[in-house]
Every structure is written in structure tokens, then in C-alpha cells.
Amino acid sequence: MRGIRRRGPANKADGSPVFVDLSNIEMASETRTVMVRVIEVHSKDDILKTKENAAKGYMMIFDLSRFEGKAEDLKDAGKSIRALASETNTAHYRINDNVSVLAQPGTRVEKVKIVRKDGNGG
């Protein structure tokens, strides 16, 4: 069991304190940008090529609407996207059968459903 140690005296800076009034100084505003990559996936190999981008923290939108292959291959592509999320510590969001998003954990992704009032049940 460790005993309680007493801290030594704090080191004090030499000289007198200086007050700086920042109200008269113009600061350049910094614009925060987020890189979003949209990947049109034609085959499972297209997903594997994006691992480096996911590891860098880019938000990636996978568009599988032009996927070339069987339904089973498309399911495997979805599994590859989820595996990529796991390997790169990113969050996976499934938007629909053809669209998935990989983003940094804590990123808020909302799927907004537009309700139409055109006589089709709305």
C-alpha cells in the first residue's frame, strides 16, 4: 500500500505578472472542414482499397447501387464494409440496401425520411 506523499513547494516564475488584453486583437477565424469521400462500389475489391482512407478518419459513403455481381456477392460487400469499420475503429451506419456510411465514432448521422402528401398514402 502506498503512503500519502506531500507535494513540494510550487515553482514560481520570476518577475511580475503581465496582463494581455485580447479584446483589441483580431483573430483569424478558422473554418473546420470535414472530408467526405463517396465511393461508388462495383466490386468487393473497391471496398478493400478504401482502408487507408478510413484509417485517416475520412467520412466515407459507400454507394452500392451500381454493384456488379450476384445478390450473395452484394451481401459479402456489406460484410466487408462492417469489417472495415471494425478494423479502423470507425462507426458503420446502414442507410438502406445500397448505401452505407463509415464515420468517426461520435459523428451524428441522421437518416431523414421525407413524408410526401401526394395521395400515395401520405
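If only residues of region 66-80 that are loosely packed, with under 11 Cβ neighbours inside 10 Å and touching a residue at least 12 places away in the same chain (Cβ under 8 Å) are counted, the one that is nearest to the chain's Cα centre (by Cα) is R66.
Considering (1) under 14 Å from the mean Cα position of the chain (by Cα); (2) open to solvent by 40 Å² or more (accessible area, probe 1.4 Å); (3) farther than 18 Å from D46 by Cα, the lone condition that A91 does not fulfil carries the number (2).
Restricting attention to region 24-53, the residues that are of a type in the set (S, T, N, Q) and open to solvent by less than 90 Å² (accessible area, probe 1.4 Å) total 3.
Taking every residue in region 33-59 that is free of Cβ contacts under 8 Å to residues at least 24 places away in the same chain and pairing it with any residue that is surrounded by 14 or more Cβ atoms within 10 Å (Cβ to Cβ) and of a type in the set (K, R), at least 6 positions away or on another chain, the pairs with Cβ-Cβ distances below 7 Å are N53/R37; Y58/R37.
Have a look at G106, G121 and point out the one that is small (G, A, S), open to solvent by 70 Å² or more (accessible area, probe 1.4 Å) and modelled with pLDDT under 85.
The match here is G121.
Restricting the search to helices (runs of 4 or more DSSP H) fully inside region 42-101 and requiring at least 3 residues that are of a type in the set (K, R) and within 28 Å of K113 (Cβ to Cβ) gives 71-87.
The values are calculated or read from the model by the stated rules, or taken from the named source; none is laboratory data. None of these values were measured; they are calculated from a predicted model. Ideal geometry is used to build each Cβ from the backbone, glycine not excepted, and the neighbour counts take in all protein chains shown. Calculation scope for accessible area: heavy atoms of the full protein, side chains included, ligands and nucleic acids excluded. Shrake-Rupley method; radii C 1.70, N 1.55, O 1.52, S 1.80 Å.
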